[in-house]
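A.B. asks: To start, I am sharing the structure in question, which I have written as structure tokens.
The values are calculated or read from the model by the stated rules, or taken from the named source; none is laboratory data. Owing to the predicted nature of the structure, the values given are computational and were not obtained by experimental measurement. Positions of Cβ are generated from backbone atoms using ideal geometry, with glycine treated the same way; all protein chains shown enter the neighbour counts. When the accessible area is computed, the model is the full protein with side chains, heavy atoms only, and any ligands, DNA or RNA have been set aside. Shrake-Rupley method; radii C 1.70, N 1.55, O 1.52, S 1.80 Å.
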Amino acid sequence: MSSIRWMLMALLVSVLPAAAVPPPAVETKDDAVTLKPADPKRFSGGLTRDGDVDPERFGAKQPDPAYGAFQRGLYITAYNLALPRAENGDPAAQTLVAEILSRGLGMRRDDAKAAGWYALASEQGVPEAQFQYALLLLDGRFVKKDEKEAYALMQAAAEAGNRLAQFNFAQMLVRREPDERGLKKAVSYYRRAADAGLADAQYAMSQVYANGTGGERKDDVEARRFLFLAARQNFDTAQLDLGRWMMAGRGGERKRTEGFAWLLRAARGGNVAAQNEVAKLYMQGIGTEPDNAAAAAWYMLARRAGLVDPMMEDFFDGLTDEEIKAALERANRLR
């Protein structure tokens, strides 16, 4: 299987945009603070979900009091306003209740109850609920695992315009047919999610064009454009690739200073390969002023993570004890 197919099958969101869950407002119940913010990022089976909040996610075209309270971080109020409507069959309210329960916003997290509400809302065609319930069906912890139903719901949500569903449905297509046929089917969904601003999909499209696969011709200019779109959203692998492409002049003008800046940004974000690249560039003085101390410090970080580079090992062996000590102190500050 080619590298692009492995890349697309394994692609995950390593750095997501900051979630749009509003800052929590303090609400009290029985004179005790009950609100505790929860991490809205969750992963399931190699598929992704984010924390973007939009009233249309809950099937409502216009904000209502429950959603307004949610926007202001008043999660208990939002839950109390939405619950009666959810119990009366309102799919938007059902999705909002599920969202609050699944994230533990203002109350104890309860994925099992959230799954029930997502199921009800998905039956009424709410794309967000279809997407979330599809993930639960794939995971199989809180509901009975059902990949066939998950596939159908993910496709429905994707066709309705949910960008995360579009990306994840593309991943499912590639897994079903890990060859050129699967990629051809997946590309249109990757593209729609990429055009909607999803960094994962933008990176996937960069790989499609870089390798000329999925029915698309090889196009380094277009690949570099998608790398830039993903990189500016802090997708560290895209930052790494974009930095390398700029250094080499692939897909556009050679810009070593900008290329170094993208690599440094990825390195600071914890990308081990970028840390090693930055170390080499500091050592060679390419795209930046030569700095042996910085080179040694960045390589120390990469080596701590298990990366061993023969060139950098030779460089490191040539340092004095004083230089190594200074580099160690600097590396500790970089963590």
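A.B. asks: Could you tell me what % of all Cα pairs in the stretch 95-236 have separations over 27 Å?
C.D. replies: 29
A.B. asks: Now a separate question. Can you tell me the dipole magnitude for the stretch 195-335 around its Cα centre, using point charges on the Cβ only (Lys, Arg +1; Asp, Glu -1), in Debye to the nearest 20? Provide the component values of the computation, followed by the final result.
C.D. replies: Numbers: 19 positive and 21 negative charges, 70 e Å.
Taking the Cα centre of the stretch 195-335 as origin, the dipole is about 340 debye.
A.B. asks: Which of the trypsin sites (Lys or Arg not before Pro) across the stretch 206-314 are loop residues per DSSP, with 13 or fewer other Cβ within 10 Å? Please list the in-between numbers first.
C.D. replies: Numbers: sites: Arg217, Lys218, Arg224, Arg225, Arg232, Arg244, Arg250, Arg254, Lys255, Arg256, Arg265, Arg268, Lys280, Arg303, Arg304; in loops: Arg217, Lys218, Arg232, Arg250, Arg254, Lys255.
The qualifying sites are Arg217, Lys218, Arg254.
A.B. asks: Compute the length gained on full extension between Lys218 and Asn80: take 0.36 nm times their separation in residues and subtract their Cα-Cα distance, giving the result in nm to one decimal.
C.D. replies: Details: separation 138, 0.36 × 138 = 49.68 nm, distance 5.35 nm.
Full-extension gain reported as 44.3 nm.
A.B. asks: Taking a quarter of the surface of the Cα convex hull of the stretch 136-214, what do you get in nm²? Don't jump to the answer; show the numbers that get you there.
C.D. replies: Values: hull surface 20.5 nm².
If you wrap the Cα atoms of the stretch 136-214 in a convex hull and average its projections, you get 5.1 nm².
A.B. asks: Over the stretch 149-249, give the accessible area per residue in Å² for a 1.4 Å probe, as an integer. Could you put the intermediate results ahead of the total?
C.D. replies: Numbers: 3550 Å² over 101 residues.
Each residue of the stretch 149-249 exposes 35 Å² on average to a 1.4 Å probe.
A.B. asks: Tell me, what HN-Hα J-couplings in whole Hz come from the Karplus equation 6.51 cos²θ - 1.76 cosθ + 1.60 at θ = phi - 60° for each residue of the stretch 152-165, using x for Gly and Pro?
C.D. replies: Ordered by residue, 3J(HN,Hα) equals 5, 5, 5, 5, 4, 5, 5, 5, 7, x, 6, 5, 5, 5 Hz.
A.B. asks: Which order do the peptides 307-319, 196-208, 80-92, 133-145 come out in when sorted by mean C-beta neighbours inside 10 angstrom, highest first?
C.D. replies: Numbers: 307-319: 13.4, 196-208: 25.3, 80-92: 17.8, 133-145: 19.7.
With the highest mean Cβ count within 10 Å placed first, the list reads 196-208, 133-145, 80-92, 307-319.
A.B. asks: Could you give me the ³J(HN,Hα) list for the stretch 166-175, computed from phi with Karplus coefficients 6.51, -1.76, 1.60 and θ = phi - 60°, whole Hz, x at Gly and Pro?
C.D. replies: Those phi angles translate into 4, 5, 5, 5, 4, 4, 5, 5, 5, 5 Hz.
A.B. asks: For the stretch 197-299, with all protein chains present and a 1.4 Å probe, just round the carbon and sulfur fraction of the accessible area to a whole percent.
C.D. replies: Values: 1690 of 3900 Å².
Percent of accessible area from carbon and sulfur atoms in the stretch 197-299: 43.
A.B. asks: Mind ranking 321-327, 162-168 by how tightly packed they are, going by the mean number of other C-beta atoms within 10 angstrom, highest first? If you can, show how the numbers build up before the last one.
C.D. replies: Numbers: 321-327: 13.1, 162-168: 27.0.
So the peptides 321-327, 162-168, ranked by packing, come out 162-168, 321-327.
A.B. asks: Between Gln284 and Leu334, 0.36 nm times their residue separation minus their Cα-Cα distance comes to what? List each step's numbers first, then the result.
C.D. replies: On the way: separation 50, 0.36 × 50 = 18.00 nm, distance 2.02 nm.
Fully extending the segment from Gln284 to Leu334 adds 16.0 nm.
A.B. asks: Determine the alpha carbon to alpha carbon distance for each of Lys113/Lys144; Lys145/Lys184; Lys148/Lys185; Lys185/Lys218; Lys218/Lys280 and list only those over 20 Å.
C.D. replies: Over 20 Å Cα-Cα: Lys145/Lys184; Lys218/Lys280.
A.B. asks: Whole-Hz ³J(HN,Hα) for each residue in the stretch 197-209, computed from phi via Karplus 6.51 cos²θ - 1.76 cosθ + 1.60 with θ = phi - 60°, x for glycine and proline: what do you get?
C.D. replies: Calculated HN-Hα couplings, in order: x, 7, 4, 4, 6, 4, 5, 4, 5, 4, 6, 4, 6 Hz.
A.B. asks: In nm, what is the difference between 0.36 nm times the number of residues separating Glu322 and Asp179 and their Cα-Cα distance? Write out the running numbers ahead of the final one.
C.D. replies: Working: separation 143, 0.36 × 143 = 51.48 nm, distance 5.36 nm.
The Glu322-Asp179 span can extend by a further 46.1 nm.
A.B. asks: Hey, another quick one. Please report, for the Cα atoms of the stretch 251-335, the Rg to one decimal and the Dmax as a whole number; what are they, in angstrom?
C.D. replies: Rg and Dmax of the stretch 251-335, Cα atoms, are 12.4, 42 Å.
A.B. asks: I need the GluC sites (Glu not before Pro) found in the stretch 183-269, filtered to DSSP loop residues with at most 12 other beta carbons within 10 Å of theirs. Don't jump to the answer; show the numbers that get you there.
C.D. replies: Details: sites: Glu216, Glu222, Glu253, Glu258; in loops: Glu216, Glu253.
Hits after loop and neighbour filter: Glu253.
A.B. asks: Work out how far the C-alpha atoms of the stretch 56-170 reach from end to end along every principal axis, then list the three figures in whole Å, largest first.
C.D. replies: Largest to smallest, the principal-axis extents are 36, 28, 24 Å.
A.B. asks: Quick one: if you stick a label point 7 Å off each Cα along the C-beta vector at Glu253 and Glu123, how many nm between them?
C.D. replies: Each label point is offset 7 Å from its Cα along the Cβ direction, giving 6.0 nm.
A.B. asks: Just the number, please: carbon plus sulfur as a percent of the accessible area of the stretch 87-151, 1.4 Å probe, no ligands or DNA/RNA counted.
C.D. replies: Values: 1240 of 2800 Å².
Roughly 44 percent, rounded to a whole number.
A.B. asks: Say R0 is 30 Å: what FRET efficiency, to the nearest 0.05, do Arg108 and Asn88 get from their beta-carbon distance?
C.D. replies: Values: r = 24 Å, r/R0 = 0.80.
The formula returns an efficiency of 0.80 here.
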